[in-house]
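Computed from the coordinates by the stated procedures, all read-outs in this text should not be read as laboratory data. Quick caveat, the model's predicted, so the values are computed rather than measured. Glycine also receives a Cβ, built like all others from the backbone with ideal geometry; neighbour counts cover every protein chain displayed.
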Amino acid sequence: MLSPERLSLPGPEYLAQRHVLTYMEDAVSQLLENREDISQYGIARFFTEYFNSVLQGTHILFREFNFIQATPHNRASFLRTFWRCFRAVGKNGDLLTAKEYHCLLQLLCPDFPMELTQKAARIVLMDDAMDCLMSFSDFLFAFQIQFYYSEFLESVAAIYQDLLTGKNPNTVIVPTSSSGQHRSRQAPSECSPLDGVEASLFYHCLESLCDRSKYSCPPSGLVKEVLSSVQRLTFYGFLMALAKHHGINRALGALPDKGDLLLDPPMDQELEILLSQVSGLSISTPASSSGDIANLPTRTSPRIRSPWKPLHHRQKVGTESDGSTDETESSEN
């Protein structure tokens, strides 16, 4: 059934809004690259399975970063996949550094840029050292804001810096490239004796930015709600408020609420089946000469380029958890 939005927009505008051409070009590219294998199944089946994978959000697995960040749907799919794959980190109460979280991201996207991971970590750690430990939930919600709204945050940083230095930010800086080559964002100076900028003036500039930007932005009403609760705020204080805001998380729609972050019944059921199969196989598995199978060399994750191929790469997680989450370790020295 066609949505009312589909009927109210001209065809080309709707296709552009939904990035249909992006997926058609990628599908054709995949088809040509794997034409010998696909010829055994048929082109019709390939396109059916390709767009089913797009709908399910599995099309971003092991793909290059340029594709992962190409559309809002791809970004949301990557966020959801990262949460589902590594939820056990939070379930076990493990605290990791930015470099360790980046290693997890690279298991899903081998060329994922370290710069984005560092920016997300800076939202959590603020003035703390970048090698401090972070809880899974703290990092995940900060990473969601940084990754999904990346271009928006670049413009916000420029506006904040102008306000902080007394300049008039009439010219809204909007990134014009979505090539995946993210510019290095200079951290706004937060040593002002006024401790940040005036919230009402900041919102006025951001409201104008949201109206003009062609990239994804948080709902302006929710941004106003964040800024109306304070008189002044710093740049990273604003980003942390966005990351913690339940309404913004729900509007984005990629992750569950923080209270449900460690719950995923369908995935738990699949893991139980997988673990039972592994347990059955382990009975006949010979022990290593050293008696410690944990010391076996790790294998590089395969890069699966064709979305219609079944995925068999799964990660074994612990079956016991107390369900508790630890807060991010802060640097108090």
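Things worth noting here:
- Two-site FRET efficiency, residue 44 against residue 276, from Cβ-Cβ distance with R₀ of 30 Å, rounded to 0.05: 0.25
- Think of the range 1-123 as a dipole: +1 on every Lys or Arg Cβ, -1 on every Asp or Glu Cβ, centred on the Cα centre; then among 120, 106, 77, 120 lies furthest on the positive end.
- Euclidean distance between Cα centres, the range 108-174 to the range 36-101, Å: 23
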